[in-house]
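Chemist: I'd like to ask you about the structure that follows.
Any read-out appearing in this document is the output of simple, stated calculations on the displayed coordinates, not a laboratory observation. Nothing here was measured: the structure is a model prediction, and the numbers come from that model. Note that each Cβ is placed from the backbone with ideal geometry, even for glycine, and that neighbours are counted across all protein chains shown.
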Amino acid sequence: MPNLEHPAYPAAALLHLESLVPCRESQVSMLLSIFGERQQFSFPSIFIYGHTSSGKTYVMQTLLNTLQLPHVFVNCVECFTSRLLLEEILIQLQSCSSETEPTSPVPCDTFNDFVRLFKQALVSRELQDQTLYIVLDRAEQLREMEANILPAFLRLQELTDSNVTVVLLSEIVWELFRPNVGCFDPLTLYFPDYSIGHLQKILSQNHPPEYTADFYAAYINILLGVFYMVCRDLKELRHLAALNFSKYCEPVVRGEANERDTRKLWKNIEPHLKKAMQTVYLREISSSQWERLQHDGGEPGQLKGLSAHTHVELPYYSKFLLIAAYLASYNPVRTDKRLFLKHHGKMKKTNFMKKHEKTSNHLLGPKPFPLDRLLAILYSIVDKRVAPTANIFSQITSLVTLQLLSMVGQNDQLEGPRYKCTVSLDFIRAVARTVNFDIIKYLYDFL
Amino acid sequence: MKSAMSKRKLKDTCGASAECISQVQKILRERFCHRPSATGKLFGIEFQYRHLLELLKRTTLHGESNSALIVGPRGSGKTTLLNHVLKDLREMKQVRGNLLEVHLNGLLQTSDKVALKEITRQLQLENVVGDKVFGSFAETLAFLLEALRKGDRTSSCPVLFVLDEFDLFVHHKNQTLLYNLFDISQSAQTPVTIIGLTCRQDILELLEKRVKSRFSHRQIYLMNSFDFKQYVKIFKEQLSLPAEFPDEPFAQKWNDNIQHLSEDKIVQDVLQNLFHHTKDLRSLYFLLMLAVSAVTVHHPLLTAADLQEASRQHGTDSKANIVHGLSVLEICLIIAMKHLNDVYDGEPFNFQMVYNEFQKFIQRKAHSMYNFEKPVVMKAFEHLLQLELVKPLERPSARAQREYLLMRLLLDNTQIMDALQVYPNCPTDVKQWAASSLSWL
């Protein structure tokens, strides 16, 4: 007994549609009841929102194609200016009606021209009053175009005086779209996220034919157990499932375990999945590298991800310059005297000593410092005597080029250049370790 | 007793045919969705209707030039009113064929040049203008109006300019179009009437001094000024089928059902709810449209449950829906931001602070959460940025480090706590962490 029923559409088509959209039957039936029959009017504009990979684009495309409703499908990221968007809609309208004639692009600059050309195209298309659906995917890009595009699309039925419905798909909620003076509010529909049961059902559908469905379902169960807390995106999970399946099957292929030995299989795959979370999930390494790693059976510890490549080997003085810059960025100016001078005397217990957690500099970010302060700290932390030659200054410039330091403000001749250190604590500790410098002792936040 | 009556009615109408239901849907959908067509009824704005009709009659019959603004919030019926008046005007014997109309819309004509081309096109004077080049806007407009004079007549046809979204024309450079139109309405020979429709109440302050002085300051207000009893009456009338409906017995049953619904307590509650939220008829029509789309052959009459369902769907909190679909790690980040907002009174925070707060939770209280690596937490945070639940204070530049960019959370505490109640499979320690604002326990 099919769940989807509608008098206007043939039952065979609806049955086929139902098989294509698992776990989305209620949304499809809602859409069908709103669309009504082919000739009937529907809402002038519909706004569908939901998380990424909750099936909005897929369901709309499948629904419109299976039931063969006249439609135009445009992605607003592809057509990112109003001109591209409007011309694309007109081209798609033209190409559907006349398959034999070559379609020459019609220039369409403004929405005014668009309305005129649209009315002409509708007349020539002989739709016999069927509703035309214009689907705009990634509709949040419409906010970046001219201010009249979004309100005009919402009112397209009224402006062109024809039977057209505009459907907007987005993952941002409608409240963030509404212009200041208001507009014609569309009907907002929510596509709910998939529950864990749904995800299991959909992911288990792609099982390769060599193994049983139960075996694959157990694998998906393990995968979801590791990744569900972090990510619910269907596309990501599907990608991870495809990448790691061969590793999961290894014990069975090698003959060490049979398909039902869940504990052994789990012990084999679990560290692998945890490693995947740190690398492939973060796109630190590419999927082909990951697959090669599995194939060669190498130690996952040998993997060098993208962030590993940021550790460059610096010359001796550059390392000290970087350390000095880090100290200058994260220590308040008043503490310099105490930390870096030989005879500093006692530090007065003032209000300044009270450290609020919020003002911990490691939470607020690096502060800019002048060049003189950098050099002063540098001279005090390097054991030997350092001459302020051009060598040192050029090393500062190359640190800026490597984006380990960044220049703050304009090229100010009056006050001298100001910099700020943009490396993380772990990085600087690694650098300091290579020159045997205990940086923690000199950081105010850790005193 | 009332429910027994409705059950009996349902049993009677089991035989409603598909054709009949299709007709019902067609009529009601056209009434609710394609509304600015002039076939509907007007509710509660008879005074404004008479005023506008009188104004336009004076232009067409007596050759007076006029200008007026119709002001009212969105959905209060400005376009519907105008269409009604124009339809009745065109049917009058003396007016037929004697009135030229130009319809401009602020959303379509975004600059004065485009507007001028559109006026030329609508007056069908394109071949008259041809390739002539004019010095200024005023010259072109004067030429167009001059060209409307027919051979032997001493005066030309009256022209009606309708400017929809009038407040958008105000933002054009120098307000040239408005100035020239109002100027002509004050001085020229051609009888010209300008009707502007806008939703902004402060429209007069936006006009330049020279434009304002040429405007007649005539404003027609549509203020949705009906009370709840009239609202229910409108509900009943708009849902009833017209007398010309082909299937008479079904139409009778339908209208009786609607009468019965309008007295039902549940339906009254639903309508009262909507009425308190917004009085304009457009929202009512949306609700009715949603309810009507549930009418099928197996369910031929509207029930109170349909209206309740439509109302529930109309009024869901969309941000709560989005929070429902987040992963547990992202929920923890939102709770960390909530605590930061509580302790520091809503001051902006950055990722490093949120991560710090999250670490404190992991170390002290969490049993179900695994201590994720910092890049994984960063990816979850960036997902929240992408959904625009968290917004940076300024656009991120290439030079600033992403962890130290200041942000704000766009959810408030009640929304977060409500969303957590319905969040599926929420670990208990996460829920407890959210409830307690004492972060050192």
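Chemist: If you average the alpha carbon positions of region B:95-138 and of region B:265-285, how far apart do those two centres end up, in angstrom?
Modeler: When both Cα centres are located, 42 Å separates them.
Chemist: Pick from A:203, A:363, A:282: which residue has the top mean-square fluctuation in a GNM of chain A where Cα pairs under 10 Å get a spring?
Modeler: Ranking A:203, A:363, A:282 by mean-square fluctuation puts A:363 first.
Chemist: Output ³J(HN,Hα) for region B:198-210: one whole-Hz value per residue in order, computed from phi by the Karplus curve 6.51 cos²θ - 1.76 cosθ + 1.60 with θ = phi - 60°, and x for Gly and Pro.
Modeler: Each residue's phi maps through the Karplus curve to give 8, 9, 8, 6, 9, 4, 5, 6, 7, 7, 5, 4, 5 Hz.
Chemist: At 222 nm, what helix-only mean residue ellipticity would chain B give, in deg cm²/dmol to the nearest 500, using -39500 (n - 2.57) for each DSSP H run of four or more?
Modeler: For chain B, the value works out to -16500 deg cm²/dmol.
Chemist: Which one of A:70, A:416, A:114 has its Cα pushed farthest toward the positive end of the charge dipole of chain A, where Lys and Arg give +1 and Asp and Glu give -1 at the Cβ?
Modeler: Comparing the listed Cα positions along the dipole, A:416 ranks first.
Chemist: In addition: Considering only DSSP states other than H, G, I, E and B, which trypsin sites (Lys or Arg not before Pro) in region A:365-447 qualify as loop sites with at most 16 other Cβ atoms within 10 Å?
Modeler: Hits after loop and neighbour filter: A:384, A:385.
Chemist: Still on this model: How many lysine pairs in region B:294-441, separated by 8 or more positions in sequence or lying on different chains, have Cα atoms less than 25 Å apart?
Modeler: Within region B:294-441, the lysine pair count is 22.
Chemist: Ok, one more. Return the percentage of antiparallel bridges among DSSP beta bridges fully within chain A, rounded to the nearest 5 %.
Modeler: Percent antiparallel among DSSP bridges in chain A is about 25.
Chemist: If you average the alpha carbon positions of region A:358-415 and of region A:136-173, how far apart do those two centres end up, in angstrom?
Modeler: Cα centroid to Cα centroid, the span is 51 Å.
Chemist: List the residues, sorted by chain then number, that are 5 or more residues from residue B:101 or on another chain and whose placed amide H is less than 5 Å from its amide H.
Modeler: Those lying under 5 Å, H to H, from residue B:101 are B:160.
Chemist: If you bin every alpha carbon distance in chain B into 20 Å steps from zero, what whole percent lands in each bin?
Modeler: 19, 33, 35, 12, 1
Chemist: By DSSP, what percent of the beta bridges with both residues in chain B are antiparallel, rounded to the nearest 5?
Modeler: 15 percent
Chemist: Here's a follow-up. For chain A, modelled as a Gaussian network with Cα springs under 10 Å, which listed residue fluctuates most, A:49, A:190, A:326?
Modeler: A:326
Chemist: Are there GluC sites (Glu not before Pro) in region A:116-217 that DSSP puts in a loop and that have at most 10 other Cβ atoms within 10 Å, and which ones?
Modeler: Numbers: sites: A:126, A:140, A:144, A:146, A:158, A:171, A:175, A:210; in loops: A:126, A:146, A:171, A:210.
In loop regions of region A:116-217 (DSSP not H, G, I, E or B), the sparsely surrounded GluC sites (Glu not before Pro) are A:126, A:210.
Chemist: To continue, here is another question. Would you please give the residues with an amide H less than 5 Å from that of residue B:219, counting only those at least 5 places away or on a separate chain, with H modeled from the backbone geometry?
Modeler: B:69
Chemist: At what distance in nm do the modelled label points of residue A:200 and residue B:397 sit from each other, each positioned 7 Å from its Cα along Cα→Cβ?
Modeler: Computed distance between label sites residue A:200 and residue B:397 equals 5.1 nm.
Chemist: In sequence order, what are the phi-derived ³J(HN,Hα) couplings for region A:109-121 according to the Karplus relation 6.51 cos²θ - 1.76 cosθ + 1.60 with θ = phi - 60°, rounded to whole Hz, with x for glycine and proline?
Modeler: So the Karplus estimates, Gly and Pro as x, are 8, 10, 5, 4, 4, 4, 4, 5, 5, 5, 4, 4, 5 Hz.
Chemist: For the protein assembly as shown, what are the per-bin percents of Cα-Cα distances with bins 10 Å wide, up to the bin holding the maximum?
Modeler: Pairs per bin, as whole percents: 2, 9, 15, 18, 18, 15, 11, 7, 4, 1, 0.
Chemist: Once you put a point 7 Å from the Cα of residue A:15 and another 7 Å from the Cα of residue B:171, both along the Cβ direction, what distance in nm separates them?
Modeler: Each label point lies 7 Å from its Cα, and together they span 5.4 nm.
Chemist: I've got another one for you. I need the semi-axes of the equivalent ellipsoid of region B:283-419: take the C-alpha gyration tensor, multiply each eigenvalue by 5, square-root it, list largest first in whole angstrom.
Modeler: Rounded to whole Å, the semi-axes are 40, 17, 14.
Chemist: Now, a different point. Ratio of alpha-carbon Rg to the 2.2 N^0.38 Å globular estimate for region B:227-315, to two decimals, please.
Modeler: Against the empirical 2.2 N^0.38 Å value, I get 1.05 for region B:227-315.
Chemist: With a 10 Å cut-off between alpha carbons and a GNM built on chain A, which of A:225, A:55, A:409 moves the most?
Modeler: Result: A:409 has the largest fluctuation of those listed.
Chemist: Can I ask one more? Quote the relative contact order of chain B in percent (integer), defining contacts as alpha-carbon pairs under 8 Å separated by 6+ residues.
Modeler: Relative contact order of chain B: 17 percent.
Chemist: Once phi is turned into θ = phi - 60°, what whole-Hz ³J(HN,Hα) does the Karplus curve with 6.51, -1.76 and 1.60 give for every residue of region B:353-359, x standing for Gly and Pro?
Modeler: 5, 5, 5, 4, 4, 5, 4
Chemist: Right, next: Be a star and scan region A:200-236 for residues whose amide nitrogen sits under 15 Å from the point 7 Å along the Cα-to-Cβ vector of residue B:385.
Modeler: none
Chemist: Within region A:35-89, which GluC sites (Glu not before Pro) sit in a loop by DSSP and count at most 12 neighbouring Cβ atoms inside 10 Å?
Modeler: Within region A:35-89, the qualifying GluC sites (Glu not before Pro) (loop, at most 12 other Cβ atoms within 10 Å) are A:78.
Chemist: Scan around residue A:167 for amide H atoms under 5 Å from its own, H built in the peptide plane at 1.01 Å from N, and keep only partners 5 or more places away or cross-chain.
Modeler: So residue A:167 has HN proximity to A:46, A:134, A:135, A:136.
Chemist: Determine which residues of region B:69-98 fall in the zone a paramagnetic label at residue B:216 would reach in this model, i.e. backbone nitrogen under 15 Å from the point 7 Å along Cα→Cβ.
Modeler: Output list for this probe position: B:69-71.
Chemist: Separate question: Quick one: if you stick a label point 7 Å off each Cα along the C-beta vector at residue A:33 and residue B:273, how many nm between them?
Modeler: Each label point lies 7 Å from its Cα, and together they span 1.6 nm.
Chemist: Given 4 °C and 1.567 mPa s, compute D for region A:196-308 with the Stokes-Einstein relation, Rh being the Kirkwood radius over Cα pairs; round to the nearest whole µm²/s.
Modeler: 89 µm²/s
Chemist: Would you please give the FRET efficiency between residue B:365 and residue A:287, computed as 1/(1 + (r/R0)^6) with r the Cβ-Cβ distance and R0 = 51 Å, to the nearest 0.05?
Modeler: Computed FRET efficiency for residue B:365 and residue A:287 comes out at 0.90.
Chemist: Suppose R0 equals 22 Å; then what is the FRET efficiency for residue A:211 and residue A:23 from their Cβ-Cβ distance, rounded to the nearest 0.05?
Modeler: So, using R0 = 22 Å, E works out to roughly 0.45.
Chemist: Can you tell me the length gained on complete extension of the stretch residue A:333 to residue A:267, counting 0.36 nm per residue apart and subtracting the Cα distance?
Modeler: Stretched out fully, the residue A:333 to residue A:267 stretch lengthens by 18.4 nm.
Chemist: If you don't mind, another one. Work out, step by step, the length gained on full extension between residue B:134 and residue B:19: first 0.36 nm times the residue separation, then minus their alpha carbon distance; give nm to one decimal.
Modeler: So the chain would gain 35.5 nm between residue B:134 and residue B:19.
Chemist: Taking other Cβ within 10 Å of each residue's Cβ, how do A:222, A:46 sort, fewest first?
Modeler: Sorted ascending by nearby Cβ count, the order is A:222, A:46.
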